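Following: one structure in structure tokens, then a few remarks.
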Amino acid sequence: QVQLVESGGGLVQPGGSLRLSCAASGGTFSSLVMGWVRQAPGKDRELIAISWSSGAPYYAGSVKGRFTISRDNAKNTLYLQMNSLKPEDTAVYYCAADPEGNYYLSSYDYWGQGTQVTVSS
């Protein structure tokens, strides 16, 4: 019953920055494990960041040091700050949620519709 809506995607030049948002409704946001997943054309989906209710977030090696996941529980919103963007970051970005989400994509029952991020000069 959780609904997720991503926003903030668009076209950005290499080296630029972009911030994605994921608005959640229909559940207790603070109790959800939230993740960001991306899928580039012709490639498998990749779990790139996870935010738990406590503890340090997880980042895939491909984005570590460049991307930051955060959440505003008062606004029921998840964010992904993307810096130093590369053409390889071009993909559809999805947010995902589950009370017991973990490092496996199959652990997330709720998904947004995705937002396109294109990194190109």
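The values are calculated or read from the model by the stated rules, or taken from the named source; none is laboratory data. Here the structure is a predicted model, which is why all the values come from computation and not from measurement. Every residue, glycine as well, gets a Cβ built from its backbone with ideal geometry; the counts of neighbours run over all protein chains shown. Quick note on the areas: whole protein, heavy atoms, side chains included, nothing else; ligands and nucleic acids left out. Shrake-Rupley method; radii C 1.70, N 1.55, O 1.52, S 1.80 Å.
Some observations on this one:
- Flag for SER84 being modelled with pLDDT of 95 or more, touching a Pro at 6+ places or on another chain (Cβ under 8 Å) and under 21 Å from SER17 (Cβ atoms): no
- Test: residue in segment 42-53 that is surrounded by fewer than 18 Cβ atoms within 10 Å (Cβ to Cβ), in contact with an Asp or Glu (Cβ under 9 Å, 6 or more places away or on another chain) and under 21 Å from LEU105 (Cα atoms): no
- Test: residue in segment 26-47 that is modelled with pLDDT of 95 or more, among the basic types (Lys, Arg) and touching a Lys or Arg at 6+ places or on another chain (Cβ under 8 Å): yes
- Meets criteria (modelled with pLDDT of 95 or more, part of a loop (DSSP other than H, G, I, E, B), exposed (fewer than 13 other Cβ atoms within 10 Å of the Cβ) and of a type in the set (Gly, Ala, Ser)) for GLY61: yes
- Qualifying residue in segment 67-86 (condition: free of Cβ contacts under 8 Å to residues at least 40 places away in the same chain, open to solvent by 40 Å² or more (accessible area, probe 1.4 Å), in a loop (DSSP other than H, G, I, E, B) and among the acidic types (Asp, Glu)): no
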